[in-house]
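Written below as structure tokens is the structure these notes are about.
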Amino acid sequence: RTGRIRNAIRLSKGRHRAFVYLKFKGQTQFNVGIRRAPQRGPKTLHFYKPDFVPDVVALGAGVHDPDEPASEFGVGASSAVAIPVLNLGTEWREVRFSGAATGGGMVATVSHVDTASSYRVPPGQLAYVPLLLTISTPIPQSKKRCPFKLLLQVSSRGALADSSAWSTHTATATQAALQLSLRCRTTRQSFVFTFVDHDGSVARAAAIAPLPPAFGRQVDAHGAGVVLSQHGTGVDVSMQADSYKYKPVAHANDDATPYTFGVEGAWVLAPTRNGAHNWEYTGFLSAVAALAHLGDGSAYPAAIAPRLPIADVRHRVLFAGHSMGGHGAWQSATHLSDRAVAVASAAGWIRKEYYGDSNTFFVHDVGHAHIDPSLKAVLEACFTEYNADLHSSNLKGVGPGGVLARIGAQDRAVPPWQVRRMVRLLREHGV
């Protein structure tokens, strides 16, 4: 589907038969194309723009004082990008990147995540090269400078070539350079930050800084709480964060009145994880990593950090989510109950095996009549840590907010009985 999955093989003279394993549900299509691969040189590498980039962020007006002067744009210390590189050749290739901002006086640099100055890409493989992004010269707020443009220069060589054989690609513009566009956002909007995840991949999350406290609620010495909002299938992090908005009641139907984004006295954090994860294992670890980067301040520019409340990610987290994210809220809260002040799960399923017909465990399998129960138990034990109902007792004592579980009585995607079962179990545990 991406158009980037290719392979390079050597064929001897004669006839060959290719076998391809497909996994699908319903109907699918498969296309195959064969072409002669270039042996070496710049044409063997294809470079693509990253799937996502961090935003440049400035302090929003009225965070502390409505008359406070505007701050400068910058990126967080954790900012990273992953550049897809496809090697169509039949030999290993080494690539390295250098970066420079274009226009606006911004000085930006990129560096490889590890200590090596280059990255090796095997023949016929697609690799995501992780890079760290630094903007060393903050730029004053101005719409004329938005979006910021960052130019990445690419150079490559054969993996076994002499160290002096580096040659900058000049065959085509897309192979010589990549131009990235970074949105301009403020802390009064949702902004996307990136970071190197627990497994070395590049991940992203969206955040909104706390709204000024009201009704006597103050941010204390520990900082502000965090609403960890986990999205459902197909929902982008910016969309998830932007759902935390309101208008004054008197202007609810007035299109000319803008929304106010965020939560009073608390950060909004909407993480994600590429690929299917259901907020289990890698998805859960990505959410924890996003919390860590928000908590240490590396998610936003250091220049504005002293003027923002720190995020208390250790003691005051409200775990929230919808659908798959509702399951994620159950997962995160039951596994990190010492951090939870409350849980809000909307239409959240409790076990993957109860959701839909593609996750069933040994229901109609042919091998079900032949497997030994003790062997089956080993397999089942591998995923029971993600059964929210099994760990519901961990939410005993969560407060002061407690637990709020909601679902539509006629929900056709998540059977309502799942939420009812979870609520019944929580009541049995005195939650």
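The values are calculated or read from the model by the stated rules, or taken from the named source; none is laboratory data. From a predicted model like this one, the values you see are computed outputs, not experimental measurements. Here the Cβ positions follow ideal geometry from the backbone for every residue, glycine too, while neighbour counts run over all protein chains shown. Protein only, heavy atoms only, side chains kept; ligands, DNA and RNA dropped before computing areas. Shrake-Rupley method; radii C 1.70, N 1.55, O 1.52, S 1.80 Å.
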In percent, how large is the relative contact order of the chain, given Cα pairs closer than 8 Å and 6 or more residues apart? 13
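State the antiparallel share, in %, of DSSP beta bridges confined to the chain, rounding to the nearest 5. Don't jump to the answer; show the numbers that get you there.
Details: 53 of 78 bridges.
DSSP beta bridges in the chain are roughly 70 percent antiparallel.
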With the 8 Å Cα cutoff and a minimum separation of six or more residues, segment 252-326 has a relative contact order in percent of 26
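Give me the percent relative contact order of segment 327-431, please, defined on Cα pairs under 8 angstrom at least 6 residues apart. Let's see the in-between values first.
On the way: 126 pairs, mean separation 41.9, N = 105.
Reported relative contact order: 40 percent.
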With DNA, RNA and ligands ignored, accessible area of residue 91 (1.4 Å probe; Å², nearest 10): 60
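Assuming a viscosity of 0.890 mPa s and a temperature of 25 °C, what translational diffusion coefficient in µm² per second does Stokes-Einstein assign to segment 249-385, Rh being the Kirkwood radius over Cα pairs?
It comes out at roughly 136 µm²/s.
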Simple spin-label estimate for residue 109/residue 315, 7 Å along Cα→Cβ, in nm, reads 3.8
If each of residue 243 and residue 181 carries a label point 7 Å out from its Cα toward its Cβ, how far apart are those two points in nm? 2.7
Rank these by accessible area, largest first, 1.4 Å probe: 363, 196. 363, 196
Over the chain, how many pairs of lysines fall under 26 Å by alpha carbon, counting only those 8 or more apart in sequence or from different chains? 13
Mind checking the log10 I(q)/I(0) for the chain at q = 0.07, 0.14 Å⁻¹? Debye, one equal scatterer per Cα, no solvent, two decimals. -0.44, -1.30
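Rounded to the nearest percent, how much of the accessible area of the chain (1.4 Å probe, protein heavy atoms only) is carbon and sulfur? Show your work: numbers first, answer last.
Working: 12540 of 23230 Å².
For the chain, the apolar C and S fraction of the accessible surface comes to 54 percent.
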Rounded to the nearest 10 Å², the accessible area of residue 360 at probe 1.4 Å: 70
Using a Förster distance of 25 Å, the FRET efficiency for residue 264-residue 233 (Cβ separation, nearest 0.05): 0.25
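At 37 °C and a viscosity of 0.692 mPa s, what translational diffusion coefficient does Stokes-Einstein give for segment 263-306, taking Rh as the Kirkwood radius over Cα pairs? Give it in µm²/s as a whole number.
In µm²/s, the coefficient is 279.
FRET efficiency for residue 20 and residue 276, Cβ-Cβ distance as r, R0 = 22 Å, nearest 0.05?
On the way: r = 21 Å, r/R0 = 0.93.
E(calc), rounded to 0.05, equals 0.60.
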Spatial extent of segment 350-410: Rg and Dmax, with the Cα atoms as the point set, Å: 16.1, 50
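Show me the chymotrypsin sites (Phe, Trp or Tyr not before Pro) within segment 339-408 that DSSP assigns to loop and that have at most 13 other Cβ atoms within 10 Å of their Cβ. All intermediate terms of the calculation are to be shown ahead of the outcome.
Values: sites: 349, 354, 355, 361, 362, 383, 386; in loops: 349, 355, 361, 362, 383.
Sparse-neighbourhood loop chymotrypsin sites (Phe, Trp or Tyr not before Pro): 362.
Contour minus end-to-end for residue 125 and residue 410, with contour as 0.36 nm per residue of separation and end-to-end as the Cα-Cα distance?
Values: separation 285, 0.36 × 285 = 102.60 nm, distance 4.65 nm.
Stretched out fully, the residue 125 to residue 410 stretch lengthens by 98.0 nm.
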Where the eigenvalues come from the Cα gyration tensor of segment 226-292, what are the semi-axes √(5λ) of the equivalent ellipsoid, largest first, in whole Å? 29, 13, 7
Report D for segment 379-431 in µm² per second (integer): Stokes-Einstein, Kirkwood Rh on Cα pairs, 10 °C, 1.306 mPa s. 128
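Please compute the length gained on full extension between residue 51 and residue 252, using 0.36 nm multiplied by the number of residues separating them and subtracting their Cα-Cα distance. Please list the in-between numbers first.
Values: separation 201, 0.36 × 201 = 72.36 nm, distance 3.56 nm.
Gain on stretching residue 51 to residue 252: 68.8 nm.
State the extension gain, in nm to one decimal, for the chain segment bounded by residue 374 and residue 424, taking 0.36 nm per residue of separation less the distance between their alpha-carbons. Provide the component values of the computation, followed by the final result.
Numbers: separation 50, 0.36 × 50 = 18.00 nm, distance 3.01 nm.
Stretched out fully, the residue 374 to residue 424 stretch lengthens by 15.0 nm.
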